[in-house]
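Read through the structure below, which is laid out as structure tokens, and then see the notes.
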Amino acid sequence: MTVIKILLILAVIGLMVFVLRSHGTTRGGAYVKIGLGIFMAFAVYAVVRPDDVSWVAARLGVGRGTDLLLYLLVVGFGFFAISTYLRFKEMELKYARLARAIALSDADRRDQAGGSPGAVKANGDDDRASAEPPVPVSGADGGTVTT
């Protein structure tokens, strides 16, 4: 076995450990981990026995094994790109709903306190800032941010 094969296998094993250690608890995350595990096993096999990949490629009508791997990577990248796009779109929707809920909650509190949205004291502070304690909010990195 050559040095490059050993390095490639170690890289694949490292990626697999990284993926399995990430804390995905959803069913979709489990499917992704299973699919990635199968892909990683295929990657190790392709590194160890590249002639077999060429044989499979010839049976599928693809010229070379490297072409087959390229096609599979393009398809895999397409799934990754779509998955990432959908995940970010879902996060944007959640942030919009959260902002809307906070705005409605602030409006309700101002209505109950009898203050107007534009009420500002002589010193430049609004009524809400002096009457309410800071609210802790979970940050994107898992830490707590006080607003």
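All of the numbers you see were taken from the coordinates with simple rules; none came from a lab. Quick caveat: nothing in here was measured; it's all calculated off a predicted structure. As a convention, Cβ positions derive from the backbone with ideal geometry for all residues, glycine included, and neighbour counts pool all protein chains shown.
Points to keep in mind about this one:
- Spherically averaged projected area of region 3-110 from its Cα convex hull (nm²): 9.4
- Considering only GLY37, MET91, THR66, the residue lying farthest towards the positive end of the dipole of region 3-110 is MET91, judged by Cα position with unit charges set on Cβ.
- Protection proxy ranking, peptides 95-107, 47-59, average beta carbon neighbours within 10 Å, highest first: 47-59, 95-107
- Each Lys and Arg Cβ is given +1 and each Asp and Glu Cβ -1; about its Cα centre, region 40-95 then shows a dipole of about 100 debye.
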